[in-house]
Amino acid sequence: MSASRHTTTLAAFLLGLAMLLSGCSGEKPHWNGKDISGVMPDLEFELRSVQGDTVTPGDSAGQVRILFFGYTSCPDVCPTTLAYLHQVLEKMPAEARQDVTALFISVDPKRDTPERLGSYVSYFDSHIVGLTGSEDRLRKLAKRYRTTFGYGDADNDGNYAVSHSSAIYVFDGKGRIRLLLKQDMPQQQAAEDLTRLARQDLS
Amino acid sequence: MPWFEFLLPYDFSPLTVAAYLGALILYGLALPRLPEAERPGPWRITAFLVGLLACYAVMQTRFDYYAQYTFFIHRGQHLILHHVGPFLIALSNPLPVLRFWRDRLPSRGLRLAAPLSGIYRILQQPAVAAVLFVGLIYFWLWPAVHFDAMLNRQLYWTMNWSMLLDGLLFWWLMLDPRTPARGRTLGHGTRILMMALVALPQLVLGAVIVFAHESLYDIYDVCGRAWPIAPRTDQLLGGLLTWIPPAMMSIIGILLMLKRIMNDGRPQQKQADLAHSSNGGMAS
């Protein structure tokens, strides 16, 4: 192989690499949260509401859906997330808030009865909906969004820790995945993102 | 969960299963057809199979689930994919098998493979190979990149395959049994130097992760861990797996090279070595 062909191959390789890298920072609308459009499949689940009804994304079609995981015996992450989301929703303009449904998915169906889940969630915010289902269903949903949960060993009183995702997944009115929010993000910024998404859906 | 489910893939990738099956079938078909003198002995066959199986196991069994949701198991996965597995495969010297299939390739296929061999030669320049080997580890462990790789399924597969392929390239360059005397492979001194050089940045990176006060990889908090392991413990174990075993692989490689150099020094061995390498391991 001649030297010039070496150079051509190398140049092509570098060009490809550069294109690959620049693909990560293309001209996209700026969001405060992490834009994960297209990275994960559309919203899909079949779970139980605290009233015992079957709930699917169709029930909240057209709304911006916020999805996050937890369990009511959770000592730290879940109460913080719920309180955080409550604050975020409070910071949104009222008319945009009406277009947002927050779904708190309990991944501890053994302990989280509908009553318990219902009273827990309503304590934080009336806009937040508590959902749960069989472990099998929950595993499928978790896997779909590249997350998981696991149970620790029970102590003498039967209490056990549950590891779960701390992320807040945001879907648009069509159920497409859009954003990933983390709680270390200022509430005002999260509120801006959700408001923009809610208004975008209307137009 | 029934035990056999642990053997099933968590995230089934048809392409990956096909690649491993293909490698296994091509190896198995070539073995009995090789001339007696070139046929690998039981140790080499075992090394090849163990290496292949280990890489398959960390990619397409339940292990992959734990690797996706626990940092230190993810580090263990990359230890197998980038170090142990490719090391064993390179050590098994699959050259006779590769040559067997190359000779059976239609000439058109050989022409199509020409650009590939160009890329291969560039990647196997000592400097490029060493930078790529360490660079890939640093790249995928860069917190922002790591976050995306664990979140995005396609990127996740790209990461694992890039580690495996680069591991094969690097360890083949290091362990290639063909004697450098014929000028087609790297000198043993260069190889020793490279293995020592790539160990250093890995030692640094491992130590940085082990001694980091803050959580470096919050993706495991964001996506949830496979079980409630303390994030600090997870990061510490992951750091240790980045730190110690990879450096040990370099040392094993260096010892093997030293052994070869010592054997080269013995005049009575030299003839035998040359004879062995000319019928055992040589390409064109």
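The values are calculated or read from the model by the stated rules, or taken from the named source; none is laboratory data. All of these numbers come straight from a predicted model, not from anything done at the bench. Note that each Cβ is placed from the backbone with ideal geometry, even for glycine, and that neighbours are counted across all protein chains shown. Each accessible area value is taken on the protein alone, full model and side chains, heavy atoms only, with ligands, DNA and RNA left out. Shrake-Rupley method; radii C 1.70, N 1.55, O 1.52, S 1.80 Å.
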In degrees between 0 and 90, to the nearest 10, how far off the longest principal axis of chain B does helix B:126-141 point, with axes built from Cα atoms? 20
Carbon and sulfur atoms: what percent of the 1.4 Å accessible area of the protein assembly as shown do they account for? 65
Residue mean of other protein chain beta carbons inside 10 Å, B:214-227: 5
Any chance you could give the angle, 0 to 90 degrees and rounded to 10, that helix B:95-104 forms with the longest Cα principal axis of chain B? 70
If we sort A:121-134, A:34-47, A:57-70 on the protection proxy, mean other Cβ atoms within 10 Å, highest first, what's the order? A:57-70, A:121-134, A:34-47
Nearest 100 Å² is fine: how much accessible area is buried between A and B, summed over both sides, with a 1.4 Å probe? 2100
If one compares the long axis through the Cα atoms of helix B:153-175 with the longest principal axis of the Cα atoms of chain B, the angle in degrees, nearest 10, works out at 30
To the nearest whole number, what is the average tally of beta carbon atoms from other chains within 10 Å of the beta carbons of peptide B:63-70? 2
What number results when the radius of gyration of the protein assembly as shown, computed over Cα atoms, is divided by 2.2 N^0.38 Å? 1.16
Can you run phi through the Karplus equation (6.51, -1.76, 1.60; θ = phi - 60°) for the stretch B:4-20 and list ³J(HN,Hα) in whole Hz, with x for Gly and Pro? 5, 5, 5, 8, 8, x, 7, 10, 5, 10, x, 4, 5, 4, 4, 4, 5
List, in order, the whole-Hz ³J(HN,Hα) value for each residue of the stretch B:218-234 obtained from phi through the Karplus relation with A = 6.51, B = -1.76, C = 1.60 and θ = phi - 60°; use x for Gly and Pro. 6, 4, 6, 7, 5, 9, x, 9, 5, 8, x, 7, 5, x, 4, 4, 4
Selection from B:PRO115, B:VAL145, B:ALA247 lying farthest towards where the dipole of the stretch B:3-280 points positive, charges on Cβ: B:PRO115
Given a 1.4 Å probe, how much area per residue of the protein assembly as shown is accessible, in Å²? 49
Measuring from its Cα centre, the stretch B:140-208 shows a charge dipole (+1 at each Lys and Arg Cβ, -1 at each Asp and Glu Cβ) which, in debye to the nearest 20, is 320
Per residue of the stretch B:65-80, in order, report the coupling 6.51 cos²θ - 1.76 cosθ + 1.60 (Karplus, θ = phi - 60°) as ³J(HN,Hα) in whole Hz, putting x for Gly and Pro. 4, 5, 5, 6, 10, 9, 4, 6, 6, 4, 5, x, 4, 6, 4, 5
Most fluctuating of B:SER117, B:SER92, B:SER162 in the GNM of chain B (C-alpha, under 10 Å) is B:SER117
Using the Kirkwood formula on alpha carbons, the hydrodynamic radius of chain B in angstrom works out to 20.4
For the protein assembly as shown, size of Cβ-based charge dipole, Lys and Arg +1, Asp and Glu -1, in debye: 2660
Given the options B:GLY206, B:GLY167, B:GLY118, state which has the largest fluctuation in a GNM of chain B using a 10 Å cut-off (strictly under) for Cα springs. B:GLY118
List every residue whose amide H lies under 5 Å from the amide H of A:ASP99, counting only residues 5 or more places away in sequence or on a different chain, with H placed 1.01 Å from N in the peptide plane. none
